[in-house]
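Please find one structure pasted underneath; my questions will follow.
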Amino acid sequence: MNKQKFYAFLQRQILLLIALSVIPGLAYIILGWMNGVAMRALIWYGLVILVSLWGWKLYKDFQLEQMGTEELKTWYQKLTFFFYIIFGLWTLAFLLYAGEVESKLHYIAIFTQIGASVVASTLLVSDKKLFFPVLLILMLPLIGYFALIGEWYGHILSLFSIVFLGVLLYSSDNSYKLIQKNYYQAQHDALTGLYNRRYSVDFIDQMISRVQFSKKFAYILLIDLDHFKTINDTLGHDIGDQVLKEVAKRIKEYCENTHMIARLGGDEFIIVSDEFNASDDCKEIAYAFSEKLLQILKEPYVIDTHQLYLSASIGVNSIGNSASEAKHFIKEADIAMYEAKAQGRDGIILFNDELAKRVEYHLEIERKLYFALEHNEIELRYQPQLNRKQKIIGCEVLIRWNSPEFGFVSPAEFIVVAEKTGLIIELGTYIIEEAFKTFQSWNEKGLELEQFSINISVRQFFHSSFSDEVERLAKKYLNENMRKKIIFEVTETILVEDMNRIILAMDKLKRLGISFSMDDFGTGYSSLSSLREMPIDELKIDRSFVSHLGEYESDELMITTILTMAKIFNLKTVAEGIETKEQFKFLLKNGCDIFQGFYFSVPLKKDDMEKKLLESTDVSDIETILHFNT
């Protein structure tokens, strides 16, 4: 059961028990005065009043939002003694009046003792540590009393009392188990046995209230397993479930009951620490704790006959004095966790003000982006692509967002947002249509190009209606010869998807005449087998290699390797990001086919690109080029 709710439930029983002791206790005083035993009744009632005042203090002392774990334990121990004593006083009343046979007060005492036992089995049913000893305190004297009568009916009553005690214990125990089961199912994850999201949110809300009062700090860890989906997809969900159980087991063993651990769902887990006095100490301990946990989670997993290796991304957030809700702190930890994933996974990121501002900015970007198309804020640019003779033979279509609020927003910022929100589908369709219109316009003006490259997002590429939409636009704006000049640039990230699905989608577009270029080649996912299997026509060397030419020998080696691979697979090569004469000469010397970058031209507006095409002149041969650039 949720300990906090359990304590709150017991607190409510204090007032009820005080009322059931103080008010009926007055009857004992009256009966005692009527039957000449007033003094013992007054003494007993005085004790009831004193214990009730103590109970009232315990009731007032209970401040769930302000009490730490140890304070709650101490309060619970005092409360336990209160219940023992208050019911013990009713047993004392029974002993005081059980001998008053002539005045018939022993009947009152017997009935009251039985009634107190029923009250105890009802009010204390949520705690076995309470109802079990209290029922013994109340019923054993009654059993002994009947046994000492010395008559046959006394033994019968004693036996019946034993049976009655057994029934009370049995019913209380069954109710207790049912309550525990219901609470467990409501607050625990069925697969791992850890707490669930509902419990964790309640726990964090209560933690927030406590630290606001105590001025202390606690931390939250949000853990997400890296590439866990791959395990489910390749080995099945049964293996995935076993992995999650093992992960939960490792976290639980590492935490050693010092943290609250919950599974939020899927492969996400959350850990909440105890409280710390200083914010800096809290953050340092959280990071050190996370580093050790990360290493534990990375140890090999042996599931059935499979040996698996996992890493995790951890977002860390601290709970401090700021007033907020659990979902707010969880969201911030979630943001930090996704930042860890964005930085390559298998890492730890602490949420901070800088990250918060960046997220807020991205949210604002996301909000404004929805209206960018509607308000004609999206513009296309065209960066020339030149052959070995420095003649413009093509261009790459690039996108720019000129926002009234933010000015020119980098595609690196808003394309990611568009992909995340799904707006990339609408945005991508707009880009393709506008680009096709431009290409058609140039063709009608006699401006010949050998190729016309358009970037395609992975999300866009796998959208169900993408191929049909491209076919519709191609037939609307392009003739057959123009379609053969269209190149869709896809990044290497496309290779993390289903390879068969990729090839089917690409083949459908190739039947229209469209070719494909592997953009940002060499940065991550490509392999020789993927180049052999996929219908790629062109490799585009990533600008990160080109920009460091002359600085790192490894980048020169990488470029020459890519160029060699392209020749083996009979693929064209394009180098982007060329900014200096030396970079151009190196690429030219090593056999690159097409060149693109600021050294030749910045991305141009449509009209400026038209002028550039008209001004373009042909250079006769390579020797002239080398002489031209010397």
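The values are calculated or read from the model by the stated rules, or taken from the named source; none is laboratory data. As the structure is a prediction and not an experimental result, all values here were calculated from the model. Glycine gets a Cβ as well: all are built from the backbone with ideal geometry, and neighbour counts include every protein chain shown. When the accessible area is computed, the model is the full protein with side chains, heavy atoms only, and any ligands, DNA or RNA have been set aside. Shrake-Rupley method; radii C 1.70, N 1.55, O 1.52, S 1.80 Å.
Within the range 497-518, which residues are under 33 Å from the mean Cα position of the chain (by Cα) and at pLDDT 85 or above?
Hit for the range 497-518 is M518, nothing else.
Failed condition for L130, given (1) open to solvent by less than 10 Å² (accessible area, probe 1.4 Å); (2) within 22 Å of N35 (Cα to Cα), with all others met?
For L130, the failing item is (2).
Next up: For the condition within 19 Å of the chain's Cα centre (by Cα), at pLDDT 90 or above, part of a helix (DSSP H, G or I) and surrounded by 14 or more Cβ atoms within 10 Å (Cβ to Cβ), what is the one hit in A262, A248?
On the way: A262 fails: part of a helix (DSSP H, G or I).
Among A262, A248, only A248 is within 19 Å of the chain's Cα centre (by Cα), at pLDDT 90 or above, part of a helix (DSSP H, G or I) and surrounded by 14 or more Cβ atoms within 10 Å (Cβ to Cβ).
Yes/no matrix, rows are residues, columns are (1) modelled with pLDDT of 95 or more; (2) under 30 Å from E366 (Cβ atoms); (3) surrounded by 17 or more Cβ atoms within 10 Å (Cβ to Cβ); (4) within 29 Å of the chain's Cα centre (by Cα):
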| residue | (1), (2), (3), (4) |
| --- | --- |
| E396 | yes, yes, yes, no |
| V409 | no, yes, yes, yes |
| E419 | no, yes, yes, yes |
| G446 | no, no, no, no |
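Check whether at least one residue in the range 314-336 is open to solvent by less than 60 Å² (accessible area, probe 1.4 Å), out of contact with any strand residue (DSSP E or B) (no Cβ under 9 Å at 6 or more places or on another chain) and polar (S, T, N, Q), and report yes or no.
Yes.
If I ask for residues that are free of Cβ contacts under 8 Å to residues at least 24 places away in the same chain and of a type in the set (D, E, K, R), which ones from the range 300-336 would you list? It would help to see each step written out before you state the result.
At the first step, the residues of the range 300-336 found to be free of Cβ contacts under 8 Å to residues at least 24 places away in the same chain are 300, 302, 305, 307, 309, 322, 328, 331.
K331, the sole residue that qualifies.
Continuing with this model, one more query. Tell me which of these R388 doesn't satisfy, since it passes every other one: (1) of a type outside the set (A, V, I, L, M); (2) touching a residue at least 60 places away in the same chain (Cβ under 8 Å); (3) open to solvent by less than 50 Å² (accessible area, probe 1.4 Å).
Of the numbered conditions (1) of a type outside the set (A, V, I, L, M); (2) touching a residue at least 60 places away in the same chain (Cβ under 8 Å); (3) open to solvent by less than 50 Å² (accessible area, probe 1.4 Å), the odd one out for R388 is (3).
Follow-up. Specify which of the listed residues (I559, I578) is crowded, with 19+ Cβ neighbours inside 10 Å and in a loop (DSSP other than H, G, I, E, B). Step through it out loud before you land on a result.
Details: I559 fails: in a loop (DSSP other than H, G, I, E, B).
Criteria check complete, one pass: I578.
Every residue in the range 449-480 that is closer than 15 Å to I425 by Cβ, among the charged types (D, E, K, R) and touching a Gly at 6+ places or on another chain (Cβ under 8 Å), please.
Within the range 449-480, just R459 meets the criteria.
Another question about this same structure. Just give me the residues in the range 274-309 being open to solvent by less than 30 Å² (accessible area, probe 1.4 Å) and of a type in the set (S, T, N, Q), in sequence order.
S290, the sole residue that qualifies.
Would you confirm whether or not the range 462-480 contains a residue that is over 30 Å from the mean Cα position of the chain (by Cα) and either in a strand (DSSP E or B) or within 20 Å of R367 (Cα to Cα) (or both)? Give the steps one after another, and end with the answer.
Taking the range 462-480 and keeping what is over 30 Å from the mean Cα position of the chain (by Cα), we get 465-480.
Then keep just the ones that are either in a strand (DSSP E or B) or within 20 Å of R367 (Cα to Cα) (or both); that gives none.
Within the range 462-480, none of the residues are over 30 Å from the mean Cα position of the chain (by Cα) and either in a strand (DSSP E or B) or within 20 Å of R367 (Cα to Cα) (or both).
Let me ask something additional. Filter the range 464-496 down to residues that are modelled with pLDDT under 85 and surrounded by 14 or more Cβ atoms within 10 Å (Cβ to Cβ), then give me how many there are.
Of all residues in the range 464-496, those modelled with pLDDT under 85 come to 464, 491-496.
Remaining after also requiring surrounded by 14 or more Cβ atoms within 10 Å (Cβ to Cβ): 491-495.
Result for the range 464-496: 5.
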